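Working notes, structure below.
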Amino acid sequence: RKYRDKWGHWLPHQSRKLHSLQVQIALRGVALLKVGGRMTYSTCSLNPLEDEAVVCAVLRATKGAVSVVRCRDILKGFKTSGGTPTWR
């Protein structure tokens, strides 16, 4: 996390609240895209509920209207890592 002192009072239920909010924000971003436009989704969290699960929810909600694009192919030299394909 960006703010290390947050760990002292972080609780798991906070991620569930943030997940819902982040899905809403991402869906609004998708709604504002032009056809063929690109949107980047990034967080400072390591929690899959705030990362991969948000992307998954957006993909489900948009029913194929948006897709994930590998940014390594577009942004040469930009350091990335693969997402988490499964989590509990």
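Taking Cα pairs under 8 Å and at least six residues apart, what relative contact order does the chain come out at, in percent?
28
Can you give me the angle between helix 12-32 and the longest principal axis of the chain, using Cα atoms only, in degrees from 0 to 90, rounded to the nearest 10?
The angle comes out near 20 degrees.
Using helices alone, what [θ] at 222 nm do you get for the chain, with -39,500 (n - 2.57) per DSSP H run of 4 or more residues, divided over all residues and rounded to the nearest 500?
After summing the helix terms and dividing by the residues of the chain, the value is -12000 deg cm²/dmol.
With a cap of 16 neighbouring Cβ atoms within 10 Å, and only residues DSSP puts in a loop, list the trypsin sites (Lys or Arg not before Pro) found in segment 2-48.
The qualifying sites are LYS2, LYS34, ARG38.
How much accessible area per residue does the chain have, counting only protein heavy atoms and a probe of 1.4 Å, in square angstrom?
Each residue of the chain exposes 84 Å² on average to a 1.4 Å probe.
Using a Cα distance threshold of under 27 Å, what count of lysine pairs results for the chain when pairs must be 8 or more residues apart or interchain?
9
The values are calculated or read from the model by the stated rules, or taken from the named source; none is laboratory data. This is a predicted model, so every value here is computed, not measured. In this analysis, Cβ positions are derived from the backbone assuming ideal geometry, glycine residues included, and neighbour counts consider all displayed protein chains. Keep in mind that these areas ignore ligands, DNA and RNA; they rest on the heavy atoms of the full protein, side chains included. Shrake-Rupley method; radii C 1.70, N 1.55, O 1.52, S 1.80 Å.
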